[in-house]
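So the structure is just underneath, and the comments pick up after that.
The values are calculated or read from the model by the stated rules, or taken from the named source; none is laboratory data. No experiment lies behind these values; they were computed from the predicted model shown. Here the Cβ is made from the backbone with ideal geometry for all residues, glycine too, and neighbour counts use every protein chain on show. In case anyone asks, the SASA skips ligands and DNA or RNA and just uses the protein heavy atoms, side chains included. Shrake-Rupley method; radii C 1.70, N 1.55, O 1.52, S 1.80 Å.
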Amino acid sequence: MVSGKSISIANTTNQSLDSSLHNSEIEVGIRQRAWVEVDLEALGENVRQIKRLLSPQTHLMAVVKADAYGHGAVSVAKTVCQAGAEWLAVATLPEGIELREAGIKKPILVLGAIHTAGEVQAIAHWQLQPTLCTPQQALLFSETLSSLNQSLGVQIKIDTGMSRLGTPWQQGLEFFQLVQRLPNLELAGIYSHFATADSPDPTIMRQQHYRFENVVNEIRDHWQSDTHLKFPVLHIANSAATLADANLHYDMVRIGLSLYGLYPAPHLESAVTLKPAMQIKARVTQVKTIEAGTGVSYGYQFIAKKQTRIAVVGIGYADGIPRNLSNKIKVLIRGQWVTQIGTITMDQIMLDVSDIPDLQVGEVVTLLGQDGDYSISADDWANILGTISWEILCGFKHRLPRVNIK
């Protein structure tokens, strides 16, 4: 038990666990070295908080690509759906299949591009919604689905300025007309993606919004004159746009980073109260004393200036701790700040624990998360590295077991 919450084991890095082991023994076993703790209650509450910003007509699409930003796709998807997410989004076909095989029946949008007949057949079999970006894709889907005598809901993506996937906005109406007339394709959605929604300057975001509106209005005029079918679902807002401007919510918002309790930018923190769902923890594996002048780790990037008590901790860059954080971070033990020293190695890091002279092997180190009155966030590491918190979260490798806290 942790903080009065129950624990379940998720994604034990494909290890074969003896079925005769009790859950408590499994828990102890996977926590011998290092692990990721995922607070499912926090995830659910983040969904509820964000939905309070939305009108009753606006759905929430939970983005669970990249193994749910490192949190564990299946357990996260089940949790957020129970909390009120109506849609899910993944980047790749295998990610969508994984959710379907886990029994998840919510609509799932595949954000990445699909280019082979075999992939089209798999998407149709698993009832996923693909993203169409080009006429070639649309033709492939139509031809393949016709051979299967099957129809499929599809979504078209309009490139309004991201210059990534999507048909150019100037050709949006033409692309829509192609998809509309091709057999076996049912247009279920139209969407785009902002490039600068996390910027305090909304100029580019407004320009993209204007382009999207133009395309949608052109399509709507054509739609009204040609069909009585329900108009496709519209969505353009990511986490940042959702928090920044309710006018961007449309029929649905796509929530990624904020689902996991982080803010896309500091100026958006007042919009909603979120709680980080991930903590990274590891155990002390050895404690020793080194004398002044002794080097620590590869390259001797740290040399002790005085007698120093050091702890070796069983986690390293192969687990997702960026090597460029060497000698730049602090961690928490017993609610106290402890400095990391020496080069971060593949499987281990070293700490200066001189201020905790009675530290014992097996004690828990918090690398990300809260311990006592203090906390460390993915933003802290990202700021040191000059990167983004998304990259930090997605960096934790699968040899770290996921432990779900409920």
TODO: List the chymotrypsin sites (Phe, Trp or Tyr not before Pro) within segment 129-197 that fall in a DSSP loop (any state other than H, G, I, E or B) and whose Cβ has at most 16 other Cβ atoms within 10 Å.
DONE: none
Open item on the list: I want to check the label-to-label distance for Ser147 and Lys275. Put each point 7 Å from Cα in the C-beta direction and report it in nm to one decimal.
Closed with: 5.1 nm
Task: Count, lysine Cα pairs under 20 Å in segment 278-404, 8 or more residues apart or across chains - done: 10
Open item on the list: Under a crude label model (7 Å from the Cα following the beta-carbon direction), how far is Gln307 from Val364 in nanometres?
Closed with: 3.3 nm
TODO: Give me the percent of the accessible area of segment 278-404 that comes from carbon and sulfur atoms, probe 1.4 Å, all protein chains in place.
DONE: 47 percent
TODO: Kindly write out, for segment 208-221 in residue order, the coupling ³J(HN,Hα) from the Karplus curve 6.51 cos²θ - 1.76 cosθ + 1.60 (θ = phi - 60°), rounded to whole Hz, with x marking Gly and Pro.
DONE: 5, 4, 4, 5, 4, 4, 4, 5, 4, 5, 4, 5, 5, 4
Open item on the list: Quick query: amide H of Ala237 versus all other amide H atoms, modeled in the peptide plane; which residues come in under 5 Å with a sequence gap of 5 or more or a different chain?
Closed with: Arg254
Open item on the list: Could you tell me the relative contact order of segment 278-404? Use alpha-carbon pairs under 8 Å, at least six residues apart, and round to a whole percent.
Closed with: 28 percent
TODO: Quote the FRET efficiency, to the nearest 0.05, computed for Glu213 versus Lys106 with a Förster distance R0 of 22 Å and r equal to the Cβ-Cβ distance.
DONE: 0.20
Task: Per residue accessible area in Å² of segment 40-260, where ligands, DNA and RNA are left out and the probe is 1.4 Å - done: 42 Å²
Task: Over segment 212-270: Rg over Rh, Cα atoms, Kirkwood Rh - done: 1.14
TODO: At a 1.4 Å probe radius, which order do Lys230, Lys51, Lys306 fall into by accessible area, largest first?
DONE: Lys230, Lys306, Lys51
- [ ] Please arrange Phe231, Phe396 by accessible surface area, largest first, computed with a 1.4 Å probe and ligands excluded.
- [x] Phe231, Phe396
TODO: Report, largest value first, the span of the C-alpha coordinates of segment 278-404 along each principal axis, in whole Å.
DONE: 39, 29, 26
Open item on the list: I'd like the accessible area for Lys288: 1.4 Å probe, protein heavy atoms, all chains in place, Å² to the nearest 10.
Closed with: 80 Å²
Open item on the list: Need one word for segment 36-114: rounded, prolate or oblate. Basis is the Cα gyration tensor (sqrt eigenvalues a ≥ b ≥ c); a/c below 1.5 gives rounded, then a/b vs b/c decides.
Closed with: oblate
Task: Stretchable slack from Gln336 to Gln57, in nm (0.36 nm times residue separation minus alpha-carbon distance) - done: 95.8 nm
- [ ] Please work out how much accessible surface Leu187 shows to a 1.4 Å probe, ignoring ligands, DNA and RNA, in Å² rounded to 10.
- [x] 30 Å²
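Give me the number: length gained by fully extending Tyr298 to Ile204, i.e. 0.36 nm times residue separation minus the C-alpha to C-alpha distance, one decimal in nm.
So the extension gain works out to 29.3 nm.
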Open item on the list: Just to make sure I understand: if all protein chains stay in place, what is the order of Cys81, Cys394 by accessible area at 1.4 Å, largest first?
Closed with: Cys394, Cys81
Open item on the list: Taking a ≥ b ≥ c as the square roots of the Cα gyration tensor eigenvalues, with a/c under 1.5 meaning rounded and otherwise prolate when a/b beats b/c, else oblate, which class fits segment 40-260?
Closed with: oblate
TODO: Give me the accessible area of Arg211, 1.4 Å probe, in Å² rounded to the nearest 10.
DONE: 50 Å²
Open item on the list: Report the per residue volume, in Å³, of the convex hull enclosing the C-alpha atoms of the chain.
Closed with: 159 Å³
